[in-house]
Amino acid sequence: MRKERKERKEAAKRLYEIAESQQGFFTTKQAKAAGFAENTHPYHVQAENWIREHRGIYRLASFPRGERPDLMLWSLWSRNRGEAAQGVYSHQTALTLHDLSDVMPAKLHMTVPRSFRRNSEIPRALVLHFTDLLQSDIGAADGVRVTRPMRTILDLLAGGEVPLATLRQAMREGLRRGLIRRSEIAAARKHLADSKQRRTFFQKVAA
């Protein structure tokens, strides 16, 4: 009996350490790795120790709820079989996370690899963009992966959903705060020189 209590206590400690780095969230596989047999998971939900947030994703009930729990939830949803998150928040969502605009999209925009597949339905909270990002395009914000400011603005510029004036303001704010370098702008302007509208956009930003 004493040994069982010790094992449960150690399992709970391991799970907390995992969840602590993920804003209180954890997956079924992570709970099993911590020492919780899968047939005990329903009990912990019923006992209100855990909150089931989505299929295969839970949150410790005792863990303080953050301001944006949805970001971690859907990041974990995007994980592959190796438990590595595949999704990177991008487009309008990334612009907001970098605090470069007050644009508030109705859904979360996430870029996933072209090979990304899910047997289940895509959650209504998400808009997925399928692109293989370079590692240099990926940063972090609020504990989740997010496209870097320059990549974010280029994605939005290509999509055309956000007014150029908003993107121009975001670019200038990014420059002012050191989030974007002028060398990045020069490289982007050269790459997009075939578009008169985009060329004008970068000229006005650099002015």
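What follows is calculated from the coordinates using simple rules that are stated; it is not laboratory data. Source: prediction; values computed, not measured. Note that we place each Cβ from the backbone using ideal geometry, even for glycine, and neighbour counts take in every protein chain shown.
Values as computed for the structure displayed
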| quantity | calculated |
| --- | --- |
| Student exercise, segment 36-76 dipole from Lys, Arg, Asp, Glu Cβ charges, in Debye to nearest 20 | 40 |
| Potential extension, Asn39-Arg65 segment - 0.36 nm per residue separation minus Cα distance | 6.7 nm |
| Total formal charge among the other residues, if their Cβ is under 15 angstrom from that of Ser90, Lys/Arg +1 and Asp/Glu -1 | 0 |
| Value at 222 nm in deg cm²/dmol, rounded to 500, when DSSP H runs of n ≥ 4 in the chain each add -39,500 (n - 2.57) | -13500 deg cm²/dmol |
| 5 angstrom amide H check on Arg145, placed H, neighbours 5+ away | Tyr89 |
| Debye-sum result for segment 2-60 in log10 I(q)/I(0), which assumes one identical scatterer on each alpha carbon, at q = 0.15, 0.22, 0.25, 0.28 Å⁻¹ | -0.38, -0.82, -1.06, -1.29 |
| Cα-derived Rg to Rh of segment 48-105, Kirkwood definition | 1.04 |
| Restricting segment 15-75 to GluC sites (Glu not before Pro) in coil, as DSSP defines it, with at most 11 other Cβ within 10 Å | Glu48, Glu67 |
| Ranking of Tyr89, Tyr43 by count of other Cβ atoms within 10 Å, fewest first | Tyr43, Tyr89 |
| Size descriptor, Kirkwood hydrodynamic radius, that averages inverse alpha-carbon separations across segment 118-180, Å | 13.5 |
| For Asp142, Asp132, Asp155, Asp137, order by how many other beta-carbon atoms lie within 10 Å, fewest first | Asp132, Asp142, Asp137, Asp155 |
| More than 22 angstrom apart: percent of Cα pairs within the chain | 56 |
| Estimated FRET transfer efficiency (His129, Ser183; beta-carbon r; R0 30 Å; 0.05) | 0.70 |
| Order of Phe116, Phe25 - criterion: other Cβ atoms within 10 Å of each residue's Cβ, fewest first | Phe116, Phe25 |
| Electrostatic dipole magnitude of the chain [Cβ: Lys, Arg +1; Asp, Glu -1; Cα centre; debye, to 20] | 380 |
